[in-house]
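The structure under discussion appears below in the form of structure tokens.
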Amino acid sequence: MDRLTAMETFVRVVESGSFSAVARETSTTQSGVSKQVAALERQLGAQLLSRTTRSLALTEAGERYFAQARRLVAEIAEAESELRQGEQQLNGWLRVAASVGYGRLKLMPLVKTFLAAHPNVKIDLKLNDGFIDLVEGGIDVAIRIGELADSSLIASRIGTTKRVLIASSAYLNSLPKGLKVPREPQDLLQHNCIVYSELATQNAWTFTAGPHASEDNGSQVTILSQGNLQTNSSEVIRASVLSGMGIGYSPTWLFEDVIESGDLQILLPDWLTPALPIHIVSPPQRRQSAKVQAFVRHLSD
């Protein structure tokens with residue numbers, strides 16, 4: 001038995017909460033992962049995990065061993081990373097997470113150039129608009145847009161994204177008689193607004209008066225947008241706005257490739273919308289990885 005591999009496997013089983021998750025990560029079988037942990041238990045002469053058909057739990061001995069094993073695994077990974085950095089060699093898998101739209105439109109070009117610069121690295125790109133637990137999912141690095149909740153993750157702010165109020169010409173040209181193109185935030189209450197449900201603010205859209213707005217410069221207005229569609233998918237927001245279904249309140253990167261086409265119109269240009277920070281986040285035990293550090297630098301640049 002390879003003691004270090006078994007220790008790493010045990011740590012990941014505890015972090016992810018299942019044998020099957022680790023099996024997927026390592027491209028092996030669930031039974032193979034279970035056998036590694038069982039072999040480690042035999043080697044140590046102690047039961048580390050209490051197994052049932054539905055759950056895993058650390059035994060008292062397992063809790064003590066896990067704390068030490070996790071620290072040792074992280075220290076070994078850090079030592080290997082420092083060695084690879086000294087040799088300017090990067091290799092192996094890097095697991096990256098991002099939202100679907102950002103991953104497709106903004107991250108993929110950077111993934112391409114990163115892989116070209118580091119031919120021995122392989123990236124497992126996981127795109128999901130919902131929340132991903134990085135430790136449970138075995139993620140090395142993730143891109144998150146918006147204010148971060150307090151957590152144990154290590155975060156680096158790499159940029160900011162503007163939001164815009166946007167609609168297609170098809171939607172604006174098909175408005176029923178008497179309904180005008182929005183000029184003030186309150187006008188949106190008469191329109192079909194497409195809501196992105198993953199935002200903490202949900203359908204509360206906030207605007208700040210600019211120097212040419214009808215309200216005092218700097219004053220804020222928040223409206224509760226409403227319409228016949230809400231979604232947790234940025235790709236659905238994009239598709240529904242482009243097809244003329246309604247008005248979106250979205251980051252500029254979601255539409256910047258088509259804004260210049262003339263088929264879309266940015267509404268309320270005299271009103272400002274809150275910007276959103278963009279962060280790269282990593283679990284502390286993975287941030288020391290040479291691959292993670294190189295990827296963070298690549299995105300930051």
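The values are calculated or read from the model by the stated rules, or taken from the named source; none is laboratory data. Given the structure is predicted, the values throughout are model-derived calculations rather than measurements. Counting neighbours? That spans all protein chains shown, and the Cβs are built from the backbone with ideal geometry, glycine included.
Looking across the range 250-278 at every residue that is buried (at least 20 other Cβ atoms within 10 Å of the Cβ) and of a type outside the set (A, V, I, L, M, F, W, C), the one that is farthest from residue 103 (Cα to Cα) is identified as 250. Is it the case that residue 201 is over 18 Å from residue 228 (Cβ atoms) and in a strand (DSSP E or B)? Spelling it out, it is not the case that residue 201 is over 18 Å from residue 228 (Cβ atoms) and in a strand (DSSP E or B). From the list 102, 65, the one residue that fits, being in a helix (DSSP H, G or I), modelled with pLDDT of 85 or more and either in the same structural domain as residue 141 (by TED's automatic domain parsing) or touching a Cys at 6+ places or on another chain (Cβ under 6 Å) (or both), is 102. Scan the range 176-188 and tell me whether some residue there is farther than 19 Å from residue 273 by Cβ and in contact with a His (Cβ under 8 Å, 6 or more places away or on another chain). Within the range 176-188 (the criterion being farther than 19 Å from residue 273 by Cβ and in contact with a His (Cβ under 8 Å, 6 or more places away or on another chain)), the answer is yes, since at least one residue qualifies. Looking across the range 1-27 at every residue that is surrounded by fewer than 14 Cβ atoms within 10 Å (Cβ to Cβ) and of a type outside the set (Lys, Arg), the one that is nearest to residue 65 (Cα to Cα) is identified as 4.
Taking first residues from the range 1-20 that are over 13 Å from residue 39 (Cα atoms) and partners that are among the charged types (D, E, K, R), the Cβ contacts under 7 Å between residues at least 6 apart in sequence or on separate chains come to 11/70; 12/25; 15/136; 16/136; 17/136.
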